[in-house]
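Some notes on the structure that comes next.
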Amino acid sequence: MKKSGAEKMSCVPYDHPAFDAHEEVAFFHDATSGLRAMIAIHRHWRTASAGGCRVREYASADAALADLLRLSRGMSYKSVMAGVDFGGAKAVVMGPLPESGEARRAALLRIADWVNTFAGAFRTGVDFGLRSEDVAVMHERTPYVVGLGAFDPAATTAHGVHEAILNAVRHRLDRNDLKGVRVAVQGLGKVGGALVDLLRADGAAVVGADTDVDRAAAAARKGVRIVPVEIIHREEVEVFSPCAVGEILNAATIPELRAAVVAGAANNQLARPEDGLALHRRGILYAPDYVANAGGLIAVAAELGEHDAAWIGRKMKALGRTLSHVFTVAAEKDIPTQEAADDIALERIRERDRRFGHNPRPQLAVQR
């Protein structure tokens, strides 16, 4: 008889460049359906670890693992920069999932089973390839999903990216508004679409791109000029805003950028650490992704901590001050903004490691 289950790694790839002392990595496989997933916990610290569940077609399991480790580690960086208590974590599912129907539902419930194995030490929610209605299905099987409360993480993420763009434009272009500023938004999903609305309300001239023709058409009806995804980074604009998949800033695309600022919602926008230096040498001000897009995590923290909108507002203002500090440190030291942000984040992570240690899963109350 075929069985399905979870297989915990007996030996994680310690020499992987993105391993960074992860506390837990798990591989999951359902032998009946062939569904495969991985969950990584970068840090537990004193409370639940949190990170979205990404569904994506990967070229290989190695590629999925690399993405997982980088995303999980990035969530710890995001957490300390946002001033919330969660350790970083992430789930990746090696897609695609069935588009709809009972097959998709069965797959989502299986993923929920795997989330339950962490007994509340890992909380997950919407990410690339996973919709809010998918999370609602998962919630039928597990209480350890987020993003179903009063605060929409996608909307809060878009708000944070919008503030990051305003912040970067002030630092780089010495402007206090976005009226007439040209912004290229790559990815017009929930976050990118909400960002477009904010930018249009500011009077910005927006050009957009998305692989989904329906999303592109919806943006066009709002007055967004649509161009192919493959060339949007070449648009002559003041701001390029990557809001889709990561690694868009690389050795091929950076020389083609015609923007003064890069600030977007995508995770892991830099393909390699040296790509931050390439942006710096070109005089392009980069808002490090895990600072610019931390609004969604703040919304999740509000949901789990039962905080109100005023608490979110205070955290968002503090996040803006953190980004300004990153820009200031980078300018004073003449270093890439990514390097400045990493230095600040790493010191905060070390402080939490000193306070809480590298612990096994925290003893949390199991929800039923």
Check your understanding: List the aspartates and glutamates whose alpha-carbon lies under 14 Å from that of Lys179, not counting same-chain residues fewer than 8 positions away?
Key -> Asp197, Asp202, Glu238
Exercise for review: Pairs to check: Lys78/Lys190; Lys190/Lys333; Lys90/Lys317; Lys90/Lys333. Give those whose C-alpha atoms are more than 29 Å from each other in this structure.
Suggested key: Lys190/Lys333; Lys90/Lys333
Exercise for review: Post the alpha-carbon centroid distance, the range 34-100 to the range 210-232, in whole angstrom.
Suggested key: 28
Check your understanding: Within the chain, what's the longest stretch lacking GluC sites (Glu not before Pro) that sit in DSSP loops with no more than 15 other Cβ atoms inside 10 Å?
Key -> 141-305
Check your understanding: Based solely on its DSSP helices, what 222 nm [θ] is calculated for the chain when runs of n ≥ 4 H residues each add -39,500 (n - 2.57) and the sum is averaged over all residues, nearest 500 deg cm²/dmol?
Key -> -13500 deg cm²/dmol
Exercise for review: Within 10 Å of each residue's Cβ, count the other Cβ atoms and sort Thr124, Thr157 from fewest upward.
Suggested key: Thr157, Thr124
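List the equivalent ellipsoid semi-axes of the chain in whole Å, largest first, each obtained as the square root of 5λ for an eigenvalue λ of the Cα gyration tensor.
Semi-axis lengths for the chain are 32, 23, 20 Å.
Only the coordinates and a few stated rules stand behind these numbers; no lab work does. Not measured: the values here are computed from a predicted model. Methodologically, a virtual Cβ is constructed for each residue, glycine included, from the backbone with ideal geometry; neighbour enumeration extends over all protein chains shown.
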